[in-house]
Structure formats: structure tokens, C-alpha cells
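Only one structure is covered here, and it is reproduced in the block below.
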Amino acid sequence: MFDLVIFDCDGVLIDSERIAVRIDAVVLARLGWELTEAEIVERFVGRSEAYMVSEIERALGRPLAAGWDDEFVPLYREALQAELEPVDGIVDALDAISTPTCVASSSSHERLHFTLGLTGLLDRFDGRIFSATDVAKGKPAPDLFLHAAATLGADPARCAVVEDSVYGVEAARAAGMRAFGYAGGLTPGERLAGPRTTVFDDMRELPGLIA
């Protein structure tokens with residue numbers, strides 16, 4: 001049915017979003033913008049780092065100085081190194097999927113290699129990792145998914161996208177791709193539902209749904 005299965009990373013391959021959102025709340029409070037974890041999920045899960053920075057600057061009413069995040073990077077890295085695991089069931093799902101796969105994420109290449117390496121998933125996607133930094137517009141624009149498909153020679157109409165965020169499934173639909181919305185993370189299934197979208201909550205179901 002599909003020529004390519006495109007996986008988001010955070011919340012789909014690696015169980016990182018709960019960790020990241022917790023640290024985001026600390027970082028934002030130190031910068032002077034206090035948001036609840038629920039507000040952070042609503043605003044930023046699935047969006048690029050560049051988008052988040054622009055929103056922080058807008059809320060604070062000033063640009064962030066160069067190197068503003070130097071003091072915060074260790075907070076994320078230490079928490080991820082201590083707690084990060086693959087999403088439950090994703091290893092079984094990947095083992096059962098014979099269709100070519102890739103990763104297309106809002107994270108930077110450096111972070112993708114770091115987190116996928118921590119969880120032992122990096123080698124599964126060697127040479128097929130795409131970041132929002134590769135394109136002009138991140139999710140919910142379709143650019144990243146279209147870039148991944150074009151690079152790997154796949155027809156967008158024959159691509160499946162596995163996402164866990166509202167912005168991710170919107171990007172998949174905008175790209176003309178079939179979306180599979182994983183509701184086992186921070187975003188409820190009803191928020192992911194929509195046209196050309198299958199919502200599921202157990203990664204072990206994914207091979208059967210794709211097939």
C-alpha cells in the first residue's frame with residue numbers, strides 16, 4: 001500500500017516529550033515566561049526549535065542574546081541520558097515493517113543523532129534522517145515530509161506518516177500523505193483525528209494498520 005513510512009522522532013520513536021516538556025517549563029520560567037506543561041504541549045509539541053525561540057522572543061518582547069541556551073542544554077542532555085527510552089512497542093513495530101522507512105522531525109540533526117543513539121535506534125535510519133532545519137518551513141507546513149519523500153524517490157500519495165502531534169498530522173495531510181496518529185503520548189486521540197488519518201494508541205498495532 002505504501003512505498004515509504006515516515007516517522008516523527010520525539011513521542012513516536014523515543015519517549016522524550018514528557019522529559020522535554022518538564023525541562024521546558026523550568027527553562028521558560030527562568031527566562032521570565034511561566035507556562036504550565038499543558039500549555040507547552042499545546043503551543044510547542046511538534047514545532048521546530050526556531051519556532052519556539054521566535055515565540056519566546058515575542059512573549060518576552062525582546063530578542064534572546066547569542067548563546068542564551070548554553071546554561072540550559074545540560075539540563076536536557078542530563079535528563080535524556082538518565083531517563084530516555086524508546087516508545088513502548090516501537091522496536092517490535094520496526095522489526096515487523098518491511099516497507100522502507102525514514103525519520104522526519106522538528107528536532108535538529110545534532111539532537112536526532114544524540115537521542116536516537118541513546119535509544120539504540122540510530123542505525124535503523126542511517127542516511128535517512130531529515131530535520132526541520134533542512135527546509136524553509138517546519139510543521140504544520142508540508143515541506144519537511146515532501147523533502148523526505150523527494151530525496152528518497154517516493155510519491156507523496158504513497159507515503160505514510162507516523163505522528164503524535166497536531167502539527168505533525170496537519171503537515172502530513174498538507175503533503176497529501178496518509179497520517180497515522182499515535183495517541184499513546186501527550187496528545188489525545190481526538191486532537192489527532194481528521195481526514196486521511198488513522199488514530200491508534202499501541203505501537204504494536206502499527207504494522208497491521210500500514211499493511
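Observations on the model:
- Under 5 Å from the amide H of LEU4 lie the amide H atoms of ALA160, each residue being 5 or more positions distant or on a separate chain, with H modelled from the backbone and absent for Pro and chain starts.
- Per-residue [θ]222 nm for the chain (sum of -39500 (n - 2.57) over DSSP H runs n ≥ 4, rounded to 500): -12000 deg cm²/dmol
- Modelled label reach - ASP3, point 7 Å along Cα→Cβ, the range 130-167 residues with backbone N closer than 12 Å: 149-160
- Remark: the range 79-84, residue by residue, has Karplus-estimated 3J(HN,Hα) of 5, 5, 5, 7, 10, 5 Hz, where x stands for each Gly or Pro and the curve is 6.51 cos²θ - 1.76 cosθ + 1.60 at θ = phi - 60°.
- At most 12 other Cβ within 10 Å, DSSP loop - chymotrypsin sites (Phe, Trp or Tyr not before Pro), the range 134-204: none
- Sequence of MET1, MET177 from largest to smallest accessible area, 1.4 Å probe: MET1, MET177
- DSSP finds beta bridges in the chain, and of those with both partners inside it, around 5 percent are antiparallel.
- Close amide H partners of SER131, meaning residues 5 or more places away or on another chain with modelled amide H under 5 Å apart, are SER105.
- Backbone geometry of the range 100-112 corresponds, through the Karplus equation with coefficients 6.51, -1.76 and 1.60 at θ = phi - 60°, to 3J(HN,Hα) couplings of x, 10, 7, 10, 9, 10, 6, 6, 6, 4, 4, 5, 4 Hz, x marking Gly and Pro.
- Taking the accessible area of the range 21-175, probe 1.4 Å, and keeping the other protein chains in place, the carbon and sulfur fraction comes to 50%.
- Rounded to the nearest 20, the size of the Cβ-charge dipole of the chain about its Cα centre is 640 debye, with Lys and Arg at +1 and Asp and Glu at -1.
- DSSP-loop GluC sites (Glu not before Pro) across the range 1-51, with at most 11 other Cβ within 10 angstrom: GLU34
- Sum of side-chain charges, ILE19 neighbourhood, beta-carbon under 13 Å (Lys, Arg +1; Asp, Glu -1): -4
- In sequence order, the range 41-51 has phi-based couplings of 4, 4, 7, 10, 5, x, 9, 7, 4, 4, 5 Hz under the Karplus curve 6.51 cos²θ - 1.76 cosθ + 1.60, θ = phi - 60°, and Gly or Pro positions carry x.
The values are calculated or read from the model by the stated rules, or taken from the named source; none is laboratory data. Quick caveat, the model's predicted, so the values are computed rather than measured. Quick reminder, even Gly has a Cβ in these numbers, built from the backbone with ideal geometry, and neighbours come from all protein chains shown. For accessibility, only protein heavy atoms count, side chains too; no ligands or nucleic acids. Shrake-Rupley method; radii C 1.70, N 1.55, O 1.52, S 1.80 Å.
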